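As structure tokens, the structure follows; a few thoughts come after it.
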Amino acid sequence: KFEKSELNPGDIIIATNIAGRGIDLTIDKLLEANGGLHVILSYIPGNLRVQQQVFGRTARGRKRGTGVYIVHDKRKLMFLPDMTADFLLNERDEKEKERYKKLLANLFLKSK
């Protein structure tokens, strides 16, 4: 259970994606004046909805906030030295498109 009523500059929360659900984080005026809540995501979410949910925590109710990825992918060392978070996000989106196409194709086949 998260028990702090208001976040201040310098506060650090480490949480899993599951732990972050349903927690309403309020920030004090000094934190807002200094840029608001900052989220560091250490993995590439499985889909855009989860990504938006996580980064959406940073700027609720017109509050200020920022977010970045700090991600380790072992392929970067071996095959893709120029791999970026954008590369990984695009890769994820392409896989999601393919999954969606297969779902639609299966639905179409089942409806015949």
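None of the figures in this text is laboratory data; all of them are computed from the coordinates on show. This one's a predicted model, so the numbers in the text were calculated from it and none came from an experiment. We place every Cβ from the backbone using ideal geometry, glycine too, and count neighbours over all the protein chains shown.
Observations, loosely collected:
- Charge-dipole axis of the chain as Lys and Arg at +1 and Asp and Glu at -1 on Cβ define it, positive-most pick from ILE70, ILE44, LEU31: ILE44
- Tilt relative to the chain, helix 85-111 - C-alpha long axis, 0 to 90 degrees, to 10: 50
- Fraction of the pair-distance distribution of segment 6-57 above 11 Å, Cα-Cα pairs, percent: 73
- Potential extension, ILE12-ARG99 segment - 0.36 nm per residue separation minus Cα distance: 27.7 nm
- Where only C-alpha atoms are counted, convex hull volume of segment 17-111 per residue in Å³: 150
- Charge dipole (debye, nearest 20) of the chain; +1 at Cβ of Lys and Arg, -1 at Cβ of Asp and Glu: 640
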